[in-house]
Amino acid sequence: MSDYQQVTDALYTDAAATPQPALCCTSTPPWKLPGLRVPRGMLERNYGCGSTVSPRDLADAQRVLYVGVGAGMEALQMAYFVRRPGGVVAIDRVQAMLDVARTLLDEAATENDWLEPSFVELRHGDALALPVEDASVDVAAQNCLFNIFTRAHLATALGEMFRVLRPRGRLVLSDPVSTRPVPAHLADDARLRAMCLTGALPLDEYLGALVTAGFGTIEVRSRRPYRLLDARRYELEEDLLLESVEVCAIKDPMPEDGPCIFTGRTAIYTGDDASFDDRKGHVLVRDVPLGVCDKTAGALAALGRSDVRLTPPSWHYAGDGCC
Ligand SMILES: C[S@@+](CC[C@H](N)C(=O)[O-])C[C@H]1O[C@@H](n2cnc3c(N)ncnc32)[C@H](O)[C@@H]1O
């Protein structure tokens, strides 16, 4: 077992027993859903950043995998949508976390009429060797775990997620990313890594790891400030801003000309006709922005037309674009 994993196990064993407000906690409020009551003990142990829960992904999902369950809040939110025995399989390698998640999910079942304890199946296991069959889940998710991993372990963990997803299945991730590479004296600090502070990769490297794992479509759904590593306390030449991102990677076949990565760019046709057809599957209705992936944005820019405008990334892609 690697050093940082030992430190991570110890940290989350403690964080299971005693809530740690300063630990990796989100600055966005958790979802409020009609008829869903989340036990206080889960809210106090919400160690994720952002959210991996979206009705768009979960509306038709029969089987969801959640890796790094923590105290179970997002597993509970996913069960709210899936509502069937074994519909959510949730994994953690820290037994104390699994124990507290079971207790709190049972408590949730007493407070939510729609919830059966069997809706979330907890399994002891490791993100690096998932105890899950190939091509068996519709949606897989992790929140604030993969940023802790080294590059090599991240590649392994993404490969595992890719393996267990069905074709066209979705991997939903929420993690810190860094606005420049994190210097080695911080990246090598196992405790800071485990606290989701210094394992973060720059966004392009993070997305590149998803492409290398084989995901043909990637959506960046949200990007916002997460933490500031201040120069004085972290022995840096200048402050280092961390952001949190929410990303969905879809197990689509890899296009021959490379992945479709959506960062919230749009193309807008402003010419004299009612629409513009690029003959590659993109019809731009005059004056109406069409969401395009970065590859299509590049191809449209290369046309050099003054009546095709491109907007910069909004980092809020919500689907329904090209490709
Ligand atoms: C930062 S916490 C996030 C917990 C939860 N996702 C949330 O949003 O509150 C990371 C979780 O991953 C678990 N974990 C750490 N290393 C793991 C691994 N290699 N495989 C599976 N789970 C792991 C920890 O025990 C902890 O519950």
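List the helices (runs of 4 or more DSSP H) inside segment 25-87, counting only whole elements, that have at least 2 residues being open to solvent by 60 Å² or more (accessible area, probe 1.4 Å) and over 19 Å from His124 (Cα atoms).
The helices (runs of 4 or more DSSP H) meeting that bar are 40-44, 55-58.
Which one is surrounded by the most Cβ atoms within 10 Å (Cβ to Cβ) among residues in segment 222-238 that are of a type outside the set (Asp, Glu) and more than 20 Å from the chain's Cα centre (by Cα)?
Ranking the qualifying residues of segment 222-238, first place goes to Leu229.
Select from segment 177-192 the residues that are open to solvent by less than 60 Å² (accessible area, probe 1.4 Å), out of contact with any Asp or Glu (no Cβ under 7 Å at 6 or more places or on another chain) and touching a residue at least 40 places away in the same chain (Cβ under 8 Å) and write down the one among them that is nearest to Ala10 (Cα to Cα).
Restricting to residues being open to solvent by less than 60 Å² (accessible area, probe 1.4 Å), out of contact with any Asp or Glu (no Cβ under 7 Å at 6 or more places or on another chain) and touching a residue at least 40 places away in the same chain (Cβ under 8 Å), the top hit is Leu186.
I'd like the residue in segment 20-37 that is within 12 Å of the ligand (Cβ to nearest atom) and among the hydrophobic types (A, V, I, L, M, F, W, C) and, out of all such residues, is modelled with the highest pLDDT.
Restricting to residues being within 12 Å of the ligand (Cβ to nearest atom) and among the hydrophobic types (A, V, I, L, M, F, W, C), the top hit is Leu23.
Is it the case that some residue within segment 294-308 is under 12 Å from Glu219 (Cβ atoms) and either touching a helix residue (DSSP H, G or I) at 6+ places or on another chain (Cβ under 6 Å) or open to solvent by less than 70 Å² (accessible area, probe 1.4 Å) (or both)?
Scanning segment 294-308 turns up at least one residue that is under 12 Å from Glu219 (Cβ atoms) and either touching a helix residue (DSSP H, G or I) at 6+ places or on another chain (Cβ under 6 Å) or open to solvent by less than 70 Å² (accessible area, probe 1.4 Å) (or both).
Residue under question is Leu284, and the condition is that it be open to solvent by 80 Å² or more (accessible area, probe 1.4 Å), among the aliphatic types (A, V, I, L, M) and either assigned to a strand (DSSP E or B) or modelled with pLDDT under 95 (or both); does it hold?
In short, no.
Filter segment 154-167 for residues that are touching a helix residue (DSSP H, G or I) at 6+ places or on another chain (Cβ under 7 Å) and open to solvent by less than 50 Å² (accessible area, probe 1.4 Å); which is farthest from Ala200 (Cα to Cα)? It would help to see each step written out before you state the result.
Filtering segment 154-167 down to residues touching a helix residue (DSSP H, G or I) at 6+ places or on another chain (Cβ under 7 Å) leaves 154-155, 157-159, 162.
So of that shortlist, the ones also open to solvent by less than 50 Å² (accessible area, probe 1.4 Å) come out as 154, 157-159.
Values: Leu154: 11, Ala157: 15, Leu158: 15, Gly159: 19 Å.
Once the filter is applied, the top-ranked residue is Gly159.
Suppose we filter segment 104-137 for residues that are of a type in the set (Gly, Ala, Ser) and in a loop (DSSP other than H, G, I, E, B); how many remain?
Residues flagged as of a type in the set (Gly, Ala, Ser) and in a loop (DSSP other than H, G, I, E, B) within segment 104-137 amount to 4.
Is there any pair with a first residue in segment 281-299 that is within 12 Å of Thr311 (Cβ to Cβ) and a second that is in a helix (DSSP H, G or I) and open to solvent by less than 70 Å² (accessible area, probe 1.4 Å) whose Cβ atoms are under 8 Å apart and which are 6 or more apart or on different chains, and what are they?
That search, which allows pairs on different chains as well, returns Val292/Leu300.
Which residue, of Arg151, Arg93, Arg170, is in contact (Cβ under 8 Å) with a residue 12 or more places away in the chain and surrounded by fewer than 18 Cβ atoms within 10 Å (Cβ to Cβ)? Walk me through how you get there before you give the answer.
Values: Arg93 fails: surrounded by fewer than 18 Cβ atoms within 10 Å (Cβ to Cβ); Arg170 fails: surrounded by fewer than 18 Cβ atoms within 10 Å (Cβ to Cβ).
Residue meeting the stated conditions: Arg151.
Has segment 264-279 got at least one residue that is hydrophobic (A, V, I, L, M, F, W, C), closer than 26 Å to Ala200 by Cα and open to solvent by 20 Å² or more (accessible area, probe 1.4 Å)?
no
Can you name every residue in segment 135-148 that is within 15 Å of the ligand (Cβ to nearest atom) and either surrounded by fewer than 24 Cβ atoms within 10 Å (Cβ to Cβ) or of a type outside the set (Val, Ile, Thr) (or both)?
Selection gives Ala140, Ala141, Gln142, Asn143, Cys144, Leu145, Phe146, Asn147.
Could you count how many residues in segment 193-205 are open to solvent by 10 Å² or more (accessible area, probe 1.4 Å) and either among the aromatic types (Phe, Trp, Tyr) or in a helix (DSSP H, G or I) (or both)?
4
The values are calculated or read from the model by the stated rules, or taken from the named source; none is laboratory data. Keep in mind that what you see is a predicted model, and the values were worked out from it rather than measured. Here the Cβ is made from the backbone with ideal geometry for all residues, glycine too, and neighbour counts use every protein chain on show. The protein model used for the area step is the full one, side chains on, heavy atoms only, and it has no ligands, DNA or RNA in it. Shrake-Rupley method; radii C 1.70, N 1.55, O 1.52, S 1.80 Å.
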